[in-house]
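Worksheet: the structure to be examined is printed underneath.
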Amino acid sequence: MSPLLSGSDGEHPLEVLREMLRAITSQLGFQRAWIALAGAALREAIAGEGSALPHGSSQGLEEFALALLEKGEVDYLVVKKTDELPEELQGGDAVIIPVRVGRVGTGCGRVSCRFGAWSERAGAPRSCPESGFYPGECCFKRDVVGPVPTEVCAQCPLFPFALVLVARKEEIGRGDLLSVELLRQRLSLVAQGLYNDFIIDRYNKLSLTLSRVTMKMGELLDFKKRMDLLLGTAMAMLGADRGSIFIYDEGREELKYVAWRNMPEHIEFDAPRKADTGIAAWVARNAKSLLLQDNVENEFYRGIDPSVKSAVSVPLFSKGEVFGVLNLSVISPGRRLCETDLRMVESLAYFGTAGIENAFLYHRMEERERLYRKLLAKMINAQEDERKK
């Protein structure tokens with residue numbers, strides 16, 4: 001059977017894709033075939049093999065294909081040689097085949113995505129839960145000045161195609177269109193396999209990271225060292241510029257730093273602060289996470305450093321009660337944190353604080369003993385001053 005319609009059992013989708021590209025020219029009579037646009041899953045699969053993109057195309061061809069596809073939802077497009085074509089397609093007809101998988105989204109709602117129209121036409125727009133697992137800087141985390149580069153689009157988690165295939169032939173007839181339809185269906189199955197493998201691998205890597213953090217946490221008896229490890233791991237996962245962890249004393253309604261990285265120098269880390277205003281206080285009192293996006297002027301965020309452009313704040317639990325707050329922020333004007341970043345930190349916080357009760361109770365005892373010694377020293381000094389008088 002033709003590789004256009006089937007692949008060997010257990011064969012890697014990337015190898016099936018290579019066979020299909022060969023079959024387009026050897027069996028269907030096309031002169032040339034290109035992968036004009038490849039989504040993040042395909043790029044990751046190819047990078048994992050240490051090979052180049054098979055039949056990769058030029059930037060001009062990719063921009064040409066993307067411009068046509070943005071005009072509407074289509075199964076494939078046939079472009080006649082009389083039209084203005086990129087250099088690769090001159091001298092023949094061309095067919096442009098967008099290949100989709102079951103994922104369309106609108107993002108976190110805080111950025112305008114150029115692919116939002118596809119999501120609306122799909123009839124089931126949703127937040128994209130995969131954005132945190134894609135390589136490169138997606139539009140959630142960077143401000144693109146001017147026209148969006150095709151490279152950025154293809155790596156965007158909301159990019160509606162797994163790949164876009166372009167093939168050239170002297171003249172495309174009706175019989176070729178039937179072959180194109182079969183090709184599109186088969187490519188969709190191949191792309192779905194690539195996408196599934198990619199997402200499973202990404203989730204496995206995240207699970208492995210969480211498992212290692214949990215194991216390392218169990219080896220550390222010192223509470224402050226545990227919190228410092230949690231903070232460092234969270235900052236590395238999100239690429240945050242600053243981070244801190246507060247301990248929350250509900251009885252005193254106070255917050256006190258226990259770990260911090262790259263914070264402003266004017267902060268007094270040893271001095272408790274009242275948990276009456278600010279982001280961390282709200283998170284501690286309400287036991288809910290918070291995502292800050294370009295809203296530092298709001299009265300709710302009173303006291304926040306105006307250089308912060310985006311931040312997440314997550315409650316830390318012990319036996320169902322909030323004992324602390326983890327804060328991460330970015331100050332670079334061209335970056336922002338999104339909903340997926342928040343969910344990843346929540347997962348890390350959950351696993352990172354598992355089994356931390358004994359260490360936290362010991363920390364509380366140390367704090368009370370330190371306070372007792374401080375009060376005792378003050379009392380002895382007062383008595384000594386009174387005796388001298």
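The values are calculated or read from the model by the stated rules, or taken from the named source; none is laboratory data. This is a predicted model, so every value here is computed, not measured. Ideal geometry is used to build each Cβ from the backbone, glycine not excepted, and the neighbour counts take in all protein chains shown.
Among the residues making up the range 233-246, those that are in contact with a strand residue (DSSP E or B) (Cβ under 7 Å, 6 or more places away or on another chain) and either more than 19 Å from Arg336 (Cβ to Cβ) or among the polar types (S, T, N, Q) (or both) are Ser244, Ile245, Phe246. In the set (1) in the same structural domain as Leu230 (by TED's automatic domain parsing); (2) in a helix (DSSP H, G or I); (3) surrounded by fewer than 22 Cβ atoms within 10 Å (Cβ to Cβ); (4) at pLDDT 75 or above, the condition left unmet by Leu348 is number (3).
When Leu255 is tested against (1) out of contact with any Pro (no Cβ under 8 Å at 6 or more places or on another chain); (2) surrounded by 18 or more Cβ atoms within 10 Å (Cβ to Cβ), only condition (1) is not met. Residue count for the range 256-290, restricted to those that are aliphatic (A, V, I, L, M) and touching a residue at least 40 places away in the same chain (Cβ under 8 Å): 5.
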